[in-house]
Amino acid sequence: MGKKTRSPLTLLPRARPQPTMSDAVQDTVRRMEANSRLFTELSLMGSHIDAAGAALVARALASNSTLTDLSLAMNPLGVDGAASFARALERNSVLRTLVLGSTGLGDAGTVEIGRALTANSTLTSLYLFRNEITDAGMAELASALEANSKLVRLDLANNRISDAGAAAVARLLGVHTMLREIMLNGNCISNSGAADLARAVAGNTGLRALNLDDNRIDAATLRSLDALVRDVARRRSA
């Protein structure tokens, strides 16, 4: 009898470990809780912070008295993570800049942040780019911001905002005179929405910059609106 041949072993691919919040991030949370005076700016961009990790960071932020700039861009925070930061914003009285771009907020998470800003009186710059925000979320956010008098810069680039959302921004500009810069580039706004914004800009006393690039606005209308914003800003600063 011939020798039996062994069947070759089949090596199954090893499952890749899921990214988790790093020890460095957890150490950062501890530093936030310690309120180090040297700890004023913090970027946690792309640190694999999910809703559970967001709860830890937000809890530290709520009691922190030194941090003025925080970026959490490109983390899967989701709606639950947004709710955690909304609660923190209601208590924090130091943070000036918050970057939540590309964090999976959607409309529901955006609404959570907006509601928190009705109680927050220190945040001046809010970045919500790439969060799949639609007209419904924009309307809720704009309504909430009517009760906020501190926000200066609002970045809503690369979302799903169309003419109805632009109309909501226009209504906000009718009552909010502290906003200086709004980024709406990369959305779905047409000439109709641009016309609403133009009328609002003409009557607003604070806006200095409005970015509407990469929308559905024709070149002539976009040039006209850009010129209007510059002209109004120049006349008000004269």
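Every listed requirement among (1) assigned to a helix (DSSP H, G or I); (2) under 26 Å from residue 102 (Cβ atoms) is met by residue 195 save one, (2).
The listed residues are 157, 170, and the only one of them that is among the aliphatic types (A, V, I, L, M) and out of contact with any Phe, Trp or Tyr (no Cβ under 7 Å at 6 or more places or on another chain) turns out to be 170.
Conditions (1) among the hydroxyl-bearing types (Ser, Thr, Tyr); (2) at pLDDT 95 or above, marked per residue:
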residue: 52; (1), (2): no, no
residue: 58; (1), (2): no, yes
residue: 62; (1), (2): no, yes
residue: 102; (1), (2): yes, yes
residue: 109; (1), (2): no, yes
residue: 114; (1), (2): no, yes
residue: 130; (1), (2): no, yes
residue: 137; (1), (2): no, yes
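Go through (1) within 24 Å of residue 103 (Cβ to Cβ); (2) surrounded by fewer than 19 Cβ atoms within 10 Å (Cβ to Cβ); (3) out of contact with any Gly (no Cβ under 8 Å at 6 or more places or on another chain) and name the single condition residue 156 misses. If we test residue 156 against (1) within 24 Å of residue 103 (Cβ to Cβ); (2) surrounded by fewer than 19 Cβ atoms within 10 Å (Cβ to Cβ); (3) out of contact with any Gly (no Cβ under 8 Å at 6 or more places or on another chain), just (2) comes out false. Taking the criterion of being farther than 19 Å from residue 61 by Cα, in a strand (DSSP E or B) and within 10 Å of the chain's Cα centre (by Cα), the residues of segment 111-159 that qualify are 154, 155. Mind checking whether some residue in segment 27-45 is closer than 23 Å to residue 158 by Cβ, touching a residue at least 12 places away in the same chain (Cβ under 8 Å) and either surrounded by fewer than 21 Cβ atoms within 10 Å (Cβ to Cβ) or in contact with a strand residue (DSSP E or B) (Cβ under 6 Å, 6 or more places away or on another chain) (or both)? Within segment 27-45, one or more residues are closer than 23 Å to residue 158 by Cβ, touching a residue at least 12 places away in the same chain (Cβ under 8 Å) and either surrounded by fewer than 21 Cβ atoms within 10 Å (Cβ to Cβ) or in contact with a strand residue (DSSP E or B) (Cβ under 6 Å, 6 or more places away or on another chain) (or both). When each of 102, 93 is tested for being under 17 Å from residue 183 (Cα atoms) and of a type in the set (Gly, Ala, Ser), the lone residue that passes is 102.
Evaluate the following for residue 183: is it under 22 Å from residue 221 (Cα atoms), without any contact (Cβ under 8 Å) to a residue 60 or more places away in the chain and out of contact with any helix residue (DSSP H, G or I) (no Cβ under 8 Å at 6 or more places or on another chain)? Please lay out each step first, then the result.
Details: under 22 Å from residue 221 (Cα atoms): yes; without any contact (Cβ under 8 Å) to a residue 60 or more places away in the chain: yes; out of contact with any helix residue (DSSP H, G or I) (no Cβ under 8 Å at 6 or more places or on another chain): yes.
When the stated conditions are applied, residue 183 passes them.
Taking segment 205-238 as the range and being of a type in the set (D, E, K, R), closer than 20 Å to residue 153 by Cβ and outside any helix (DSSP H, G or I) as the test, the residues that pass are 208, 213, 214.
Results for (1) in contact with a Lys or Arg (Cβ under 7 Å, 6 or more places away or on another chain); (2) buried (at least 16 other Cβ atoms within 10 Å of the Cβ); (3) within 22 Å of residue 130 (Cβ to Cβ), shown as yes or no for each residue.
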residue	(1), (2), (3)
185	no, yes, yes
188	yes, yes, yes
198	no, yes, no
204	no, yes, no
219	no, no, no
229	no, yes, no
235	no, no, no
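As a summary of the residue check, residue 99 satisfies the conditions (1) surrounded by fewer than 23 Cβ atoms within 10 Å (Cβ to Cβ); (2) touching a Leu at 6+ places or on another chain (Cβ under 8 Å); (3) more than 17 Å from residue 155 (Cβ to Cβ) except for the one numbered (3).
Here are some residues: 169, 175. Which one is closer than 27 Å to residue 95 by Cα, out of contact with any strand residue (DSSP E or B) (no Cβ under 6 Å at 6 or more places or on another chain), in a helix (DSSP H, G or I) and of a type in the set (A, V, I, L, M)? Talk me through it step by step, then tell me what you get.
Numbers: 175 fails: in a helix (DSSP H, G or I).
On inspection, the qualifying residue turns out to be 169.
The values are calculated or read from the model by the stated rules, or taken from the named source; none is laboratory data. Predicted, not measured: the structure shown is a model, and the values here were computed from it. Note: ideal-geometry Cβ built from the backbone for every residue, glycine included; neighbour counts use all protein chains shown.
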